[in-house]
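This report refers to the structure that appears directly beneath it.
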Amino acid sequence: MGRRGSYDRLEALSLEIERKLHKALMSNSQRLQILQQLFADIALKVDDRARDEREDGWLCFYEILANHFVRVPESGRRILELIVQLWSQSFAANIFALLFQKWLFEAPLDEKEISLRYSSALVQGATNVFWIDIQTNTRHFLSLYHYLLEDVALVPERLSKISLQAGRDLFLLLSRFMFFYDQDHMLSSFLEHFPNFPNSFLVGGPADYFVIELADQLQKLKIEPVLLHYLSRMSILQGLELRLSTSTRLKACLYSFTSPGGPTYPTRAVRHAAWNTLDLLFPIGRYPRHVISLFFRLLYPWYWPSSCWNFVMTCAMTVYYYILNLLVSCWENMRRRPSHRRTHGE
């Protein structure tokens, strides 16, 4: 009865999605608003009232529906037909990527042309929703990323179901967001499955493609916590064999985050994180870089007060914690002495 009730509720959700898509197709003036609202609805977290529909820790409605459309493909067929008619509209690819991520790889597809269209929409929709997570610094679409990485990119049989170009685009997409979703522990396996690119002899191997995409992604990030998160994960790049051009590109990218300035420039926290990452990945030339940076900062007197203040505060905090640790150590030694004396006396 419980399983049947869950099926009925999912069918009701499918019918509601179909109704909204049909309404969007019929309404030119409200089409964007309807699709945007539908996207927001399927991306919502499952609340306590729908807890009995939750399986394996799923949190969002799109995860439940994506699995439902794999188990019951005919339930999503009409929805898919309506989405195809709305391909050119904003949020259509996003909705497709969320609802049919598993269906595309786990359900049989006959027509290659349709498969090409679907695979392109999947990559575009996934790109859009991952950027939504970036802009809000949330992880609502982690399960989509996890599925595309572990169950598609690392499974050649499933990856072959989409076009060769879409597969390449998918790997580049996953490269840009791997650090954001904390999946960098999969990096070595990910690079082993990296597809061949026609210009590999110019760009380099999988590690070069990954680092190039990562550097480009860093340049686009404007949210401080997200940028700091990326920088904190970059120690895993140590030991990667990169071409000189790729290494120079990464070094220039990191160096661009070390310059102070106005509101469009990196914050102090980002500058320090960038310096730490730069010194970690490129230890050769560390001291000359800092000397050159100090020289250029001396050319801008309006930065001197803030630099001096930060230097004084850093020194003061260092002395404070040193004295505090010293006092704590002395206190612990004083507490140990009476106990040691009693033991020795006995």
| Condition test on residue 215, is it in contact with a Lys or Arg (Cβ under 6 Å, 6 or more places away or on another chain), in a helix (DSSP H, G or I), on the phi < 0 side of the Ramachandran plot and crowded, with 16+ Cβ neighbours inside 10 Å? | yes
| remark: Output for Cβ contacts, cut-off 7 Å, separation at least six or different chains, first residue among the polar types (S, T, N, Q) in region 67-85, second surrounded by 18 or more Cβ atoms within 10 Å (Cβ to Cβ) and assigned to a loop (DSSP other than H, G, I, E, B), reads 67/102
| request: Can you tell me which residue within region 51-83, out of those that are farther than 18 Å from residue 41 by Cβ and part of a loop (DSSP other than H, G, I, E, B), is modelled with the highest pLDDT? | output: 72
| said: Quick check on region 218-227: of everything there that is free of Cβ contacts under 8 Å to residues at least 40 places away in the same chain and in a helix (DSSP H, G or I), which residue is surrounded by the most Cβ atoms within 10 Å (Cβ to Cβ)? | reply: 218
| query | Could you list, in sequence order, the residues of region 234-256 that are modelled with pLDDT under 90 and surrounded by 14 or more Cβ atoms within 10 Å (Cβ to Cβ)? | reply | 255, 256
| task | Six or more apart or on different chains, Cβ under 7 Å: which pairs go from a residue in region 134-163 that's under 13 Å from residue 183 (Cα atoms) to one that's of a type in the set (Lys, Arg) and not in a helix (DSSP H, G or I)? Could you list them? | result | 147/102
| task | Restrict the check to region 184-207 and report whether at least one residue is under 11 Å from the mean Cα position of the chain (by Cα), closer than 19 Å to residue 136 by Cβ and not small (Gly, Ala, Ser). | result | no
| query | Considering region 228-276 alone, what residues qualify as being of a type in the set (Phe, Trp, Tyr), within 22 Å of the chain's Cα centre (by Cα) and in a loop (DSSP other than H, G, I, E, B)? | reply | 257
| query | Only one of (1) closer than 16 Å to residue 180 by Cα; (2) touching a Gly at 6+ places or on another chain (Cβ under 9 Å); (3) not polar (S, T, N, Q) is not met by residue 226, so which one is it? | reply | (2)
| said: Please verify whether residue 226 is modelled with pLDDT of 95 or more and either in contact with a Phe, Trp or Tyr (Cβ under 9 Å, 6 or more places away or on another chain) or of a type in the set (A, V, I, L, M, F, W, C) (or both), treating the condition exactly as stated. | reply: yes
| note | residue 198: passes all of (1) outside any loop (DSSP other than H, G, I, E, B); (2) surrounded by fewer than 16 Cβ atoms within 10 Å (Cβ to Cβ) but (1)
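The values are calculated or read from the model by the stated rules, or taken from the named source; none is laboratory data. Note that the structure is predicted; figures quoted are calculated from it, not measured. Positions of Cβ are backbone-derived with ideal geometry, glycine not excepted, and every protein chain shown enters the neighbour counts.
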